1. For region 216-231, give me the residue count where each residue is farther than 10 Å from A199 by Cα and among the basic types (K, R).
2. For region 310-329, which residues satisfy the criterion of being outside any helix (DSSP H, G or I) and over 15 Å from V253 (Cα atoms)?
3. Here are the criteria: (1) surrounded by fewer than 19 Cβ atoms within 10 Å (Cβ to Cβ); (2) under 30 Å from L297 (Cβ atoms). Tell me which single one Y93 does not satisfy.
4. Determine, yes or no, whether W61 is under 38 Å from the mean Cα position of the chain (by Cα), closer than 30 Å to K301 by Cβ and either not assigned by TED's automatic domain parsing to the domain that holds L146 or not small (G, A, S) (or both).
5. Would you tally the residues in region 46-63 being surrounded by 16 or more Cβ atoms within 10 Å (Cβ to Cβ), among the hydrophobic types (A, V, I, L, M, F, W, C) and modelled with pLDDT of 85 or more?
6. Which of the residues belonging to region 202-244 are more than 22 Å from E187 (Cβ to Cβ) and among the basic types (K, R)?
7. I'm trying to understand the selection: among the residues of region 26-45, which are at pLDDT below 85, surrounded by 14 or more Cβ atoms within 10 Å (Cβ to Cβ) and out of contact with any helix residue (DSSP H, G or I) (no Cβ under 8 Å at 6 or more places or on another chain)?
8. Taking the conditions exactly as written (in contact (Cβ under 8 Å) with a residue 60 or more places away in the chain and touching a Gly at 6+ places or on another chain (Cβ under 6 Å)), does I110 satisfy them or not?
Amino acid sequence: MANKEGHRRFGSIRRLPSGRLQIRYPGPDGRMRTGQETYERSSDADRALVLIEAQLTTGKWTDPDRGKVKLADYATTWIMQRPNLRPRTVDLYRWLLKKHIAPHLGGVPIGKLSTTMIREWRAALLGNGVSVSMAAKAYRLLRAVLMTAVEEDKILTRNPCRIRGAGDEDAAERPVLTVAEVFALSERVGCRPVGNIRALPGGGYRLRFRRHGEMRISPEVYGTRTEAQRALWAMADDGRADSVRDRRYLALVLLATFASLRWGEVTALRRSDLDLTAGTVRVRAAFIERSTGEILLGPPKSRAGRRVVGIPQAIIPVLREHLAVFVKAEPGALVFPASWAARYAGGTSTRCRRGPMP
């Protein structure tokens, strides 16, 4: 329907003191809004109103006022409003936002973001030494945040994260141990030489080690403690020094490897999760270590993570011995108590909060 003479069907146009023209129009909520741009010619202003009316009709209109929110504020809220994210994922997203996204783009209004800006941001990350893998993680987070701005909040008409391949990670292939190497590794984990290192008054370090049950002193002086430690381990490897073996770790390495269990899954196993008669292990929980050092007990990483896994017969005797010697008799007793399993992982966490078992 055409506009009647002297009457506009949608919106209005007014002339500013500067002489330029400004448009005003009702949004979907009925509230009047002012166009962000001004126009020199009446035809340009008319065309802008026609375009906005079409966007409102098709549902593609975005509120320019909402587009003024800063990216850092919007992304922070986005992370807070994702209750299904795992704690470690929340920590990772907050770190990526603080470390790699906010310093470059955090102060930019959502509505001002463009593909060119995103491309320049990514190039700056890579140029400053950020790895391709880490840059890809940051890009995927930004893309997900802005996808919500497009599809749910209707702040943007399209996602400016449109750089092909920017979210891909080209991780190097991880080496795989042979079966023989796994068994050799399981024997070495928990094994340590018997001895100590002493700093000398005049500088340097000297070893004291045990051999055939007798403590001895090495005549050699080492420049650093690290060199002395390496020498002590080498002496244990070739038999010049005695060593002790903590067999609590043997079953942990074998079960985690041959049942393909994540670290959080294997350390959360209970006695009742192992059925050595059937040769299976049930995975139903996992420990998660947050960036703060706090350890939480929750479900596995994904829904498919709840599973029953077969155990090779070759390691059943090791598991039977482990349960008999190191694990309490209660069905809910941890197979690998976190207090000593964390030392194997190199963790320094001492705080552990457990939730209800799933």
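The values are calculated or read from the model by the stated rules, or taken from the named source; none is laboratory data. Because the structure is predicted, anything quoted here is derived from the model rather than measured. When we count neighbours, we look across all protein chains shown, and the Cβ atoms used for this are built from the backbone with ideal geometry, even at glycine.
1. 2
2. G310, V327, K328, A329 - these are the residues of region 310-329 that are outside any helix (DSSP H, G or I) and over 15 Å from V253 (Cα atoms).
3. (1)
4. No.
5. 2
6. R206, R208, R216, R225
7. The answer is R33, and nothing else.
8. Judged against the criteria, I110 is not a match.
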